[in-house]
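The values are calculated or read from the model by the stated rules, or taken from the named source; none is laboratory data. Since the structure is predicted, the reported quantities are computational estimates derived from the model, not experimental observations. No Cβ is skipped: glycine too gets one built from the backbone with ideal geometry, and neighbour counts run over all protein chains shown. To get the accessible areas, we keep the full protein, side chains included, count just its heavy atoms, and leave off ligands, DNA and RNA. Shrake-Rupley method; radii C 1.70, N 1.55, O 1.52, S 1.80 Å.
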Amino acid sequence: MNIDSIKNGVVIDHIKAGKSMEIYYQLELDKLDCTVAIIKNVHSKKMGLKDIIKIDSEMQVDLDALGYIDSDVTVNIIKDGVLSEKKHLTLPTQIKDVLKCRNPRCITTTEQDLPHIFRLTDPATKTYRCIYCESKAK
């Protein structure tokens, strides 16, 4: 299988096998007007199997959303065919509009324009809670 190299764009690497489609939809890559390649179940010495997403266009990537979905991901920025920047992600301390609060009594249920903001309350268990009602994210 041949996947061409990228001249200018983004490569999201070290994605846990099977998580690439979740990232694809969370970052709304289906709405881009450029080539997007999803490579699933790539053999990796470090991870066993991994997924890779290649985006053939320069774009801003929501690093908080990516860090929430898979904090082991690396984001590579390619310019003129050369790796110009490599970002290693961690769990974000706060995420905005990645999750929706499921508590029917939360203010975000009635105030639809409020952003859905969650804070990391327990890094060991990757637990996030709504900043308005303290409900645990699922």
Exercise. Going by the conditions given, is Ile55 within 14 Å of Ser20 (Cα to Cα), open to solvent by less than 60 Å² (accessible area, probe 1.4 Å) and of a type outside the set (D, E, K, R)?
Worked result: yes
For this session: Could you tell me whether any residue of the stretch 119-134 is more than 30 Å from Asp56 (Cα to Cα), assigned to a strand (DSSP E or B), open to solvent by 50 Å² or more (accessible area, probe 1.4 Å) and of a type in the set (Lys, Arg)?
Result: yes
Exercise. From the set of residues in the stretch 63-94 that are open to solvent by 90 Å² or more (accessible area, probe 1.4 Å) and touching a residue at least 60 places away in the same chain (Cβ under 8 Å), which is nearest to the chain's Cα centre (by Cα)?
Worked result: Lys79
For this session: Select from the stretch 2-32 the residues that are closer than 14 Å to Asp51 by Cβ and without any contact (Cβ under 8 Å) to a residue 12 or more places away in the chain and list them in ascending order.
Result: Tyr25
Problem set entry | Pick from the stretch 95-116, criterion basic (Lys, Arg) and part of a loop (DSSP other than H, G, I, E, B), ranking: least open to solvent (accessible area, probe 1.4 Å) | Lys100
Exercise. Being at pLDDT 90 or above, part of a helix (DSSP H, G or I), under 16 Å from the mean Cα position of the chain (by Cα) and within 13 Å of Ile12 (Cα to Cα), is that true of even one residue in the stretch 51-60?
Worked result: no
